[in-house]
Amino acid sequence: MYRKTPSAEELEAACLTKEDFAGEEVDPWPDNMPALLLFQYMRTQWRTGANGPCGLDYMVMHHRMARMDLSPDEYDQLEADIQTMEVAALNCIYADS
């Protein structure tokens with residue numbers, strides 16, 4: 001989701017094709033769906049600095065979460081899940097830097 005797709009030239013240089021990366025479809029576990037859906041909702045809400053994305057806009061995220069009718073424990077868990085996904089996404093974004 002946050003990793004640049006190699007160009008045809010880059011794939012050819014590595015003797016690979018797009019078909020080499022075709023994989024089995026993965027269905028998320030139902031317990032992970034709220035975090036996945038919220039993370040997808042937040043895809044346009046990255047704060048950026050001089051070097052690019054630096055984190056999600058938590059004001060937008062908290063506003064959205066407030067409308068999800070979550071218990072306090074569910075709210076805390078969902079926030080922690082999003083933070084984990086945010087760190088993983090930033091690691092992907094800056095992996096080649």
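Among 61, 15, 49, whose Cα sits farthest toward the positive end of the charge dipole of the chain (+1 at Cβ of Lys/Arg, -1 at Cβ of Asp/Glu, about the Cα centre)? The residue sitting most towards the positive pole is 49.
Distance from a point 7 Å along Cα→Cβ of residue 70 to each backbone N in the range 20-34: keep the residues under 13 Å and list them by number. Correct set: 32-34. In terms of the mean number of neighbouring beta-carbon atoms within 10 Å, the peptides 26-37, 73-84 order highest first as 73-84, 26-37. Summing Cβ point charges (Lys, Arg +1; Asp, Glu -1) relative to the Cα centre of the range 28-97 gives a dipole of roughly 360 debye. Looking at the chain, the accessible area is 79 square angstrom per residue; that uses a 1.4 Å probe and ignores ligands, DNA and RNA. Extension gain, residue 60-residue 22: 0.36 nm per intervening residue step, less the Cα-Cα distance, totals 10.3 nm. For the chain, the carbon plus sulfur part of the accessible surface works out to 53%, probe radius 1.4 Å.
The values are calculated or read from the model by the stated rules, or taken from the named source; none is laboratory data. From a predicted model like this one, the values you see are computed outputs, not experimental measurements. Note that each Cβ is placed from the backbone with ideal geometry, even for glycine, and that neighbours are counted across all protein chains shown. Note: accessible area is taken over every heavy atom of the protein model, side chains too, but ligands, DNA and RNA are not part of it. Shrake-Rupley method; radii C 1.70, N 1.55, O 1.52, S 1.80 Å.
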